[in-house]
Every structure is written in C-alpha cells, then in structure tokens.
Amino acid sequence: MEKFKKNLRLFMVIGLVAMMGLTACEKDDDEDEIMETEEETIVDIASSDDSYSTLVQALEKADLASTLKGDGPFTVFAPTNAAFESLLEDLGVGSLDDLSADQLEPILLYHVVSGKVMSSDLSNGYVPTLSPGPGDTQASLLVNTDEGVMLNSSSSVTSADIEADNGVIHEIDKVLMPPNVVDMAINNSNFSTLVDAVVKAELADTLSSEGPFTVFAPTNAAFEDLLTELGASSLDDLSKEALMPILMYHVVSGNVLSSDLSSGRVTTLNGNDIDVDVSSSVMINGKSSVTATDIQGTNGVIHVIDKVLLPEDAPKNIVETASSDEQFSTLVDALVKADLASTLEGEGPFTVFAPTNDAFGDLLSELGASSLDDLTAEQLEPILLYHVVSGKVMSGDLSNGYVSTLSPGPGSTNTTLLVNTEDGVTLNGNTSVTTPDIDTYNGVIHVVDKVLLPPTVVDIAINNSNFSTLVDAVVKAELDGTLSGDGPITVFAPTNEAFEALFNQMEGVSGIGDLSKEDLTPILKYHVVDGNVRSGDLSSGNVETLNGDIQVDVGDENVTINTDATVTAVDIQGTNGVVHVIDKVLIPSSE
C-alpha cells in the first residue's frame, strides 16, 4: 500500500512536469508568432512583393534598408518595378548598376515622409520628405487629393494604405525626382504662367542651377492682374527683354526660409531691392502678400505671392524718391552740387522738408540769382541741411515746438526749426507742408512751399509770434543789424506776456510806441550775453551782459535770472547764437 502511494505521487509529479513543458512550448510558439508579426516592417513587406523588387534593390544599394526597418513611423510612396523601368529609360541607363548610391539616396528619401499618414489623412498641399535640400532643409512634395491621390501632378497612388508595423506604404506608378525651384513651379498648375514667363525669358537653366535661390513666386491670378494693368492680353505681348528684369526681381540669393525673414531691404538678382515687412503678415514692397511659404526644393525655396513685383516699385531712398519726381529736380540738383546726395542716400533715417521747384524759384528771385549756378556749394549746404531732421518723423508725430536740424550753428550745435501743427503743419511761421508723409526706406519726405533759411537770433524772434513785441523793440532800438551779426551771442528773450507785464508796471506806457530808442536800447542789451551759452553750460553766478551783470541761479527744477525771471524754454539755436525764453523783462540797474 505504501509503495502504491509513492508510485502515485511519482506519476503526478511526472504529469505536472509534462504539462508545464507543454505550456512552455505553447508559450514559446506564441512568442515566435509575435516575433514574426513584429518583423513586418516596410522593407519586409516590400521584399515579400515581387512588384517592389527594384525598390528593395535600390534601398539596399543606397544603404537605406536598415533605416526603413527602424522604428519610424514612416510613410513610403513606393514605386513599382515598372515605375523604375520608366525612370531608367528616362535617364538613359540600363539598370540600377548604372546609378551610384549617392545618386539613389536623395531620390529614394524623396519618397519617404515622417510619420504614419494614411491616405484619408492626406490633403492638398506640400509635405516635407526626408530628401535633403540646402542646409538642414527637406525637399517638399506636392499632394493633391481632388481625384484620388496625385503627387507632384505626375505620379498617382495606385494602391493605398498597405500597413506595416513601422508605417504605411502607398504604391505609386512613377518614380518621384527631387525638384529644383523650376520643377516645383512646373509641378504646380497654379504657376503655369510663371513657368511660361521663365521659359520665354530663357531663365529656366539659370534657376535650375546649383543656387541656392529664394523665389517669390506669383500665382497665375497675380500674372493676370499684371497683364490687365499693362493692357496686355497674354505673355505674348511681352518680350524676353521686358520679362527678364521682372522675373529676376523675384529671386534672392540664398535659401531664405520664412523663419529667417525679417523686416528690411533685400537685394534681388535684378540688382534692385525689395522691401520686406514681417510686422504682421509678410508683405513685399507694401503691395504683395506672401500667401504660402517654405516650398523647399533641391536648389532653393519658394514663397508664394499674390501680386507680381515690378522693379519700378523697388523701395527708394530719399534722393531716389526725389529724383523720380520732377517737382524736386532743383532740390536734387542742389543736393548734388552741395555734395549731400550721398548723405541722404545713407541709412538715416532722415526727415526731409522738401521744397518744390517753385519754392526754389522764389528763393533765387529773392537772392537776385538766376539759377543754382550763382550759389556756391558752401552757400547751399547749410540751407539744405536746415531742411533735414534726424529720425523718421511722420506728420502725425510732429508737435508744436522746436526741433534740431542738421544745419550747423556755432561750435558743435545745430540750428533749430519751429514747428506749428495747429492748422496743418507750418514751419518757422511762414512755410507750409503741402504734402506730408512720402515714405522712403531711409526716412520720410514732407513737401514744403518755401525754402527755409537758417535763422539768426533775430530771425528766430521774427518767426515766432510769441516774440512780436521783442521784435518791435529791437527794430525800434535799431539793434536788429547788431543782433544779426556774426556773434555768437546768447539772448534771454522775454515773451509778449513778459513785455505786457512790464508795460502794466510803467506809468503812462501801453506799448513799445510809448518808449524811445534810448529807453529800449539799455534794456534790450541787458538781455544779451557774449558767446553761445547753451543751457548745459549755465551755472549759478554773475554773467556779464552787453549792459552790466545779471545774476543766474541754476536750481534743481529751473533757472532764474535776477531772482524773479524764470527761463521757460532753452537752446533755441540760430546761426549766430542761442535763445533762452524768459517770462519777465530784465531791467538793468539805474546806477
């Protein structure tokens, strides 16, 4: 009995071990099946189908088979053997043996897109492939799903959604060749007019060369608009010579992606600049919008635009803008004679108050001159610079007050210009801006109806109605000639209100007419200091005037003269001195 029990236990153990062995074998078989399933990569699937044997051979030769066996996922547009035979025939070669690995690699990678993209997820537009473009870019592939799936308008997907564990295969009937910028235009029917123009201008070979190029490509609609503007019915009405400069004006050297664009001027292969503005959307020359970007080819990139660019619309600097407008011909002649044209062609920015030909005609008549030939460059230079302000100041940014021009005053100073915006824009009380805000790439032009002359301190007072009483006093005292001399001098100039307060304090005096030359002369000279003393040069202490000392007190908040006269505006610079405005007339001591 005991022996039976032992045998029973032995049989049970043997049975259990056998069952475990069977289970382990089943498990191993299952794992083998799983392993076999996991091996179904894109290359495995292609290798198992004879219609892709040439593709597999090409992948192996280009050392890309291992790549497409990787994790991916990848989307592969797989040409059939027949597609490869057509390619070899087109290339004039007998077999893949006639193509090197280096030749095959970019072609094959042009059929690969990163990610698993099923046919239902494809849509009209461009997708980046793994085929390299210039730098770190990838060549783009045009997809059209309007009627089936078409690639680059030449290759059809004949069998879609062949799934692999690391991606998906879509069978195609033609081998895709990585396109240059000309090929990309040819492949897209929206650029057919552009292609016709490039061919007619004999630029196809140029734009198919190594590059790289950046092409701003107008659509067919953009060309239609141009032809309408030109009164032409088709490209047949335009010659090669007419088309070439227009087309070259759309091409920039280098592979400039949209992320590399910035606002500013860019020189085209035409030699003229385009003006790029990326402040909101991307605009070219303020007229043409970029509607699609970064269509990458092997020798450059295309950005689509909705208007044809014309060289005559190229951004102009101030001198070029003035030169293109006949009403500024005298101004341009003057700038050239004074050797200032190159200055205003510089980066700037500048604001130029530009006198018309009529304004110069009036000036010449006043000076008793018949033409610019009667004026020297030395005479013209300060006059012209008095019309130029540093910076780009649009009319809406102008305000009442004085601005510094580029015209020199004593020492290292610059003469000032009086601006009044209460009723339009008036300069120095007598010159009107007739056309504002003519934009240029290095500044802005405001047209004026009178030539501005750099002012002396007397002119500064004459030009500002707030100093009309001071002017009357200077004239009555016969000091206008003296104060218009070489100087330099510093004038503390009382306003009309200051004179009015003085008259109220003087018995029997209602105005300048009640004071004699002898009364006025010592008072006026008491406001004049020898030298061009700017506000930054003032310091507390006695300052000698042309008629005794004044006491200057430079405080933290203001400057006072003789305790009770406050300086309210400073550094109004003239050619022979500087004016500081005060709110009280200074009276010299009677001693």
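The values are calculated or read from the model by the stated rules, or taken from the named source; none is laboratory data. Computed from a predicted model, the values in this text were never measured in an experiment. Reconstructed Cβ throughout: ideal geometry from the backbone, glycine too, with neighbour counts over all protein chains shown. To get the accessible areas, we keep the full protein, side chains included, count just its heavy atoms, and leave off ligands, DNA and RNA. Shrake-Rupley method; radii C 1.70, N 1.55, O 1.52, S 1.80 Å.
For the chain, the share of DSSP beta bridges that are antiparallel, to the nearest 5, is 75%. Summary of packing: across the peptides 237-246, 335-344, the per-residue average of other C-beta atoms within 10 Å ranks them, highest first, as 335-344, 237-246.
Compared with the direct C-alpha span, the chain from Lys392 to Ser468 gains 24.2 nm at full extension, assuming 0.36 nm per residue. Here the dipole of the range 326-455 is about 320 debye; that uses its Cα centre as origin and unit charges on the Cβ of Lys and Arg (positive) and Asp and Glu (negative). Where does the Debye-calculated log10 I(q)/I(0) of the range 399-459 sit at q = 0.11, 0.16, 0.17, 0.20 Å⁻¹, using only Cα point scatterers of equal weight, no solvent? Listed by q, the Debye log ratios stand at -0.27, -0.58, -0.65, -0.87. Per-residue extension of 0.36 nm, minus the Cα-Cα distance of Val475 and Glu345, leaves a gain of 42.5 nm for this segment.
Counting only protein heavy atoms and a 1.4 Å probe, the range 479-573 has 52 square angstrom of accessible area per residue. Surface composition of the range 104-174: carbon plus sulfur atoms contribute 44% of the solvent-accessible area (1.4 Å probe, protein chains only, all chains present). Packing, taken as the mean count of other beta carbons within 10 Å per residue, orders the peptides 511-523, 296-308 from highest to lowest as 296-308, 511-523. For the range 386-445, with all protein chains in place and a probe radius of 1.4 Å, 44% of the accessible heavy-atom surface sits on carbon or sulfur. Accessible area per residue for the range 286-366 is 40 Å², calculated with a 1.4 Å probe on protein heavy atoms, without ligands, DNA or RNA. For the chain, the relative contact order works out to 8 percent when only alpha carbon pairs closer than 8 Å and six or more residues apart are counted. Taking the Cα centre of the chain as reference, the dipole from Cβ charges on Lys and Arg (+1) and Asp and Glu (-1) amounts to some 860 debye.
Counted over all Cα-Cα pairs of the chain, pairs farther apart than 37 Å make up 60 percent. Which FRET efficiency, nearest 0.05, do Glu224 and Thr376 yield, Cβ-Cβ r, R0 41 Å? With R0 = 41 Å, the Cβ-Cβ based efficiency is 0.15.
For a test of the definition: using alpha carbon positions, the gyration tensor, and the 1.5 limit on a/c, classify the range 96-222 as rounded, prolate or oblate. Here the range 96-222 falls in the oblate category.
Each other residue within a Cβ distance under 12 Å of Thr456 adds +1 if Lys or Arg and -1 if Asp or Glu, for a net charge of -3.
Ordering Gly574, Gly548, Leu470 by the projection of their Cα atoms onto the charge dipole of the chain, which places +1 on the Cβ of Lys and Arg and -1 on the Cβ of Asp and Glu, puts Gly548 at the extreme positive end.
A cut-off of 5 Å between modelled amide H atoms, ignoring neighbours fewer than 5 places along the same chain, links Val570 with Val581. Proximity of backbone amide H atoms, modeled 1.01 Å from N, is registered between Thr434 and Val447, Val448, Asp449 at under 5 Å, excluding neighbours fewer than 5 places apart on the same chain.
Dipole size of the range 461-591 about its Cα centre, with +1 on Lys/Arg Cβ and -1 on Asp/Glu Cβ: approximately 260 debye, rounded to the nearest 20. Karplus-based coupling profile of the range 116-131, in residue order and whole Hz: 9, 10, 6, 4, 6, 8, 6, 9, 4, x, 9, 10, x, 9, 8, 7, with θ = phi - 60° in 6.51 cos²θ - 1.76 cosθ + 1.60 and x standing for Gly or Pro. Think of a 1.4 Å ball rolled over the protein heavy atoms: the range 34-93 then has 52 Å² of accessible area per residue.
The relative contact order of the range 68-212, computed from alpha carbon pairs under 8 Å that lie at least 6 residues apart in sequence, is 26 percent.
Computed over protein heavy atoms with a 1.4 Å probe, the carbon and sulfur contribution to the accessible area of the range 466-591 reaches 44%. Count charges around Phe499 for me, please; just the other residues with Cβ under 10 Å from its Cβ, Lys/Arg as +1, Asp/Glu as -1. Neighbourhood net charge equals -2.
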